[in-house]
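**Q** My questions all concern the structure below.
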Amino acid sequence: MRITKSDITHALLVGIASFCVAIALTGTLNRLAFGISQVVSMLVLAAVLLTGIVFDMIGVAAASADEAVFHSLASKKLKGAKRSVWLCRNRAKVASFCNDFVGDLCGTIAGAVGTVVAFRVGAVWGVNLMPVAIATVAGVTIAGKALAKSYGISKANEITRLAGIALEWAASLVGLEGGNDRR
């Protein structure tokens with residue numbers, strides 16, 4: 001396979017966007033984690049981890065899904081089918097966005113938020129919890145993504161269809177075309 005100018009441009013744009021989003025979210029979530037209770041901070045951390053795991057699953061599913069299934073569903077005008085076809089046709093970019101941009105970004109941000117949570121809890125208990133926090137975030141992220149990838153491959157068409165429906169719903173919220181598909 002040959003790397004094209006479009007591939008390089010896409011990679012650069014994703015890298016720059018990741019940098020900007022990481023700065024904004026890490027700063028915001030760290031300030032939030034310092035300003036709220038430790039329990040809520042842990043819930044924020046769990047939400048960030050779960051988001052990364054779910055997006056990893058969606059990226060793998062879109063890369064593994066059978067596009068022909070969604071053409072059939074689109075011909076019946078089923079909800080989300082056209083967007084599922086789009087996910088399949090753009091599987092490399094969808095996988096890059098879901099796995100690398102969202103999934104890896106969430107893992108990185110979870111590490112930063114986990115460090116803040118560990119600092120706060122460790123200060124109360126008088127111990128250094130940083131190594132445990134970093135190891136816990138890494139372990140949960142890696143185990144969760146491993147499980148999500150296996151599930152994403154085994155249920156690729158179902159997950160891609162749900163992602164197509166979610167995109168359809170999101171598009172209708174912001175007033176984009178495509179709201180005429182039925183269930």
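A short reminder: the numbers here are calculations on the coordinates, not readings from a lab. From a predicted model like this one, the values you see are computed outputs, not experimental measurements. Every residue, glycine among them, receives a Cβ derived from its backbone with ideal geometry; neighbour counts consider all protein chains shown.
**Q** Using only helices, what value at 222 nm comes out for the chain when you add -39,500 (n - 2.57) per DSSP H run of length 4 or more and divide by the total residues, to the nearest 500 deg cm²/dmol? If you can, show how the numbers build up before the last one.
**A** Details: 8 runs with 145 residues, N = 183.
My calculation for the chain gives -27000 deg cm²/dmol from helical runs alone.
**Q** Then there is this: Provide the descending list of Cα extents for region 63-107 along its principal axes, expressed in whole angstroms.
**A** Answer, in whole Å and largest first: 39, 16, 11 Å.
**Q** Given 37 °C and 0.692 mPa s, compute D for region 23-82 with the Stokes-Einstein relation, Rh being the Kirkwood radius over Cα pairs; round to the nearest whole µm²/s.
**A** Estimated via Stokes-Einstein, D reaches 227 µm²/s.
**Q** Working from the pairwise distances between different alpha carbons, so that the mean of 1/r is found and then inverted, what is region 98-148's Kirkwood radius in Å?
**A** Across region 98-148, the inverse of the average 1/r is 11.5 Å.
**Q** I've got another one for you. What list of ³J(HN,Hα) values in whole Hz, one per residue of region 108-118 in order, does the Karplus curve 6.51 cos²θ - 1.76 cosθ + 1.60 (θ = phi - 60°) give from phi, with Gly and Pro shown as x?
**A** Calculated HN-Hα couplings, in order: 5, 5, 4, x, 5, 5, x, 5, 5, 4, 4 Hz.
**Q** Given a Förster distance of 30 angstrom, what is the FRET efficiency for Leu13 paired with Leu162, based on the Cβ-Cβ distance and rounded to 0.05?
**A** After rounding to 0.05, the efficiency reads 0.65.
**Q** Within the chain, how many Lys pairs that are eight or more residues apart, or on different chains, come under 24 Å at the alpha-carbon?
**A** 12
**Q** Let me ask something else. What translational D, rounded to a whole number of µm²/s, comes out for region 106-183 from Stokes-Einstein when the hydrodynamic radius is the Kirkwood one over Cα pairs, at 4 °C and 1.567 mPa s?
**A** 83
**Q** I need to check one value: relative contact order of the chain, counting alpha carbon pairs closer than 8 Å and at least 6 residues apart, in percent.
**A** 32 percent.
**Q** Let me ask another. For the chain, treating each Cα as an identical point scatterer without solvent, what Debye log10 I(q)/I(0) comes out at q = 0.08, 0.15, 0.19, 0.20 1/Å?
**A** Results for the chain at q = 0.08, 0.15, 0.19, 0.20 Å⁻¹ read -0.32, -0.94, -1.21, -1.26.
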